[in-house]
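The values are calculated or read from the model by the stated rules, or taken from the named source; none is laboratory data. Everything quoted here is computed from the prediction, not taken from an experiment. Positions of Cβ are generated from backbone atoms using ideal geometry, with glycine treated the same way; all protein chains shown enter the neighbour counts.
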Amino acid sequence: MFKRMEIKAETDTYPLYLGSGLLARAGAILREVGLAGKVLVVTNPTVGALYLGVMVKALAAAGFDVQTVTIPDGEVYKCLDQLTRVYDAAAAGCLERDSMILALGGGVIGDLAGFAAATYLRGVRLVQVPTSLLAQVDSSIGGKVAVNHREGKNLVGSFYQPSVVLSDLDALTTLNEREFKTGLAEIIKVGLIGDSTLDAFLREHSAAVRRRAPEALMEIIARACAFKAQVVTEDVRERGRRAILNYGHTIGHALEAVTGYTVYRHGEAVAIGMAAAAAISVAQGLATPELSRATLEVLALYDLPATIPGIPAEQLLARMAWDKKVKDGRPRLVLSPRIGEAVVKDDVPPEVILAVLRRMGAV
């Protein structure tokens, strides 16, 4: 059971495969799409223990010359030091411009390995094999690759499209509950800002989604991927509409940075950011209180956080100034007038943001 989707990005079009059993077929699929030669697999110890052996076997059986590098697990390791380790492994493996870097893991691996692929030899081929729900619906699609800087998340990066994405649903069975829910936050986001049918499905079929029923997962992941693909096709370099995909992320990224990337998983921070964005939308008169109520309701269905206990509001606001969407020194917030819609605003008064943050528990 699998689907093949086409992702268009400027002059590039690449396939996304979504289904079961894809890891074991990875080598054959890469051959089918015209790839060959040397491949450097980048992973972490957690994912590597589960899937690296399967991946190496599949690639070797298809005739690929396989090298591997393992970086530590965690957002704090999406940094320049670990990027250098990937460059070192690429040099040791004598990668050439038609070689590949294959990202086997979640968003951290995908972002870091993707940025390495974009910059090593001024660009080698990139294959994304996301093993987390978050990476399957978000970071593996659209070509945004980056590492973090001490002043903020993803400040050092590029736009670089993969040659192919392989999203194996079987990998989701080994995610712990917290990691699974952090991916659900990005799917919920799509429902809130762009796909009211997905939003309704998430509310009506929450039991099936939470028990990871394959049919339910295929439905929500495919819809989330299709929406992101459509937005990316329209605005590859985030100069316009693509910014709406950052709903909940301006405050979410600030929350991650202020807490040193050690307290909140990305999806948890985004969930809190979406609760804040809905409240700001109401405070600005853009939406009715129903939007905030409905947002809190769907987050609660999946046990996602919606409060900011004990964190200084002023510190969060200051950190928002480092967000990539800042223009002329003003934060640009993605807000929503109603379920299924989003707009970008750069005129939200700081006192409105601070008031909402404090109502949510910030100090």
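Checking the condition more than 13 Å from the chain's Cα centre (by Cα), surrounded by 20 or more Cβ atoms within 10 Å (Cβ to Cβ) and either assigned to a helix (DSSP H, G or I) or not assigned by TED's automatic domain parsing to the domain that holds Val54 (or both), which residue from Val86, Val108 passes?
Val86
Checking the condition farther than 20 Å from Ile220 by Cα and at pLDDT 95 or above, which residue from Leu166, Leu121, Leu202 passes?
Step by step, each of Leu166, Leu121, Leu202 is checked, and only Leu121 is farther than 20 Å from Ile220 by Cα and at pLDDT 95 or above.
Could you check, for the stretch 321-344, whether at least one of its residues is closer than 23 Å to Glu238 by Cα, among the basic types (Lys, Arg), touching a residue at least 40 places away in the same chain (Cβ under 8 Å) and not in a loop (DSSP other than H, G, I, E, B)?
No.
Okay, residues lined up against (1) more than 21 Å from Val363 (Cβ to Cβ); (2) touching a strand residue (DSSP E or B) at 6+ places or on another chain (Cβ under 7 Å); (3) among the acidic types (Asp, Glu):
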site: Gly273; (1), (2), (3): no, no, no
site: Ala276; (1), (2), (3): no, no, no
site: Ser281; (1), (2), (3): yes, yes, no
site: Gly285; (1), (2), (3): yes, no, no
site: Thr295; (1), (2), (3): yes, no, no
site: Ala306; (1), (2), (3): no, no, no
site: Leu335; (1), (2), (3): yes, yes, no
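What residue, of Val39, Val66, is part of a strand (DSSP E or B), touching a strand residue (DSSP E or B) at 6+ places or on another chain (Cβ under 8 Å) and surrounded by fewer than 22 Cβ atoms within 10 Å (Cβ to Cβ)? It would help to see each step written out before you state the result.
On the way: Val39 fails: surrounded by fewer than 22 Cβ atoms within 10 Å (Cβ to Cβ).
So the residue among Val39, Val66 that is part of a strand (DSSP E or B), touching a strand residue (DSSP E or B) at 6+ places or on another chain (Cβ under 8 Å) and surrounded by fewer than 22 Cβ atoms within 10 Å (Cβ to Cβ) is Val66.
So in the stretch 280-315, with the set limited to residues that are of a type in the set (Gly, Ala, Ser) and in contact with a Leu (Cβ under 9 Å, 6 or more places away or on another chain), which one is surrounded by the most Cβ atoms within 10 Å (Cβ to Cβ)?
Ser281
Only one of (1) closer than 25 Å to Lys78 by Cα; (2) without any contact (Cβ under 8 Å) to a residue 60 or more places away in the chain; (3) not in a loop (DSSP other than H, G, I, E, B) is not met by Gly267, so which one is it?
Evaluating Gly267 over (1) closer than 25 Å to Lys78 by Cα; (2) without any contact (Cβ under 8 Å) to a residue 60 or more places away in the chain; (3) not in a loop (DSSP other than H, G, I, E, B) leaves (2) as the failure.
Taking the stated definitions as given, is Ser139 in the same structural domain as Ala28 (by TED's automatic domain parsing) and surrounded by fewer than 22 Cβ atoms within 10 Å (Cβ to Cβ)?
Spelling it out, it is not the case that Ser139 is in the same structural domain as Ala28 (by TED's automatic domain parsing) and surrounded by fewer than 22 Cβ atoms within 10 Å (Cβ to Cβ).
I'd like the full set of residues that are more than 17 Å from the chain's Cα centre (by Cα) and farther than 18 Å from Leu59 by Cα, limited to the stretch 69-83.
Answer for the stretch 69-83, where residues must be more than 17 Å from the chain's Cα centre (by Cα) and farther than 18 Å from Leu59 by Cα: Ile71, Pro72, Leu80, Asp81, Gln82, Leu83.
In the stretch 7-36, which residues are without any contact (Cβ under 8 Å) to a residue 60 or more places away in the chain and either part of a strand (DSSP E or B) or not assigned by TED's automatic domain parsing to the domain that holds Gly106 (or both)?
Once the filter is applied, which keeps residues that are without any contact (Cβ under 8 Å) to a residue 60 or more places away in the chain and either part of a strand (DSSP E or B) or not assigned by TED's automatic domain parsing to the domain that holds Gly106 (or both), the stretch 7-36 yields only Thr13.
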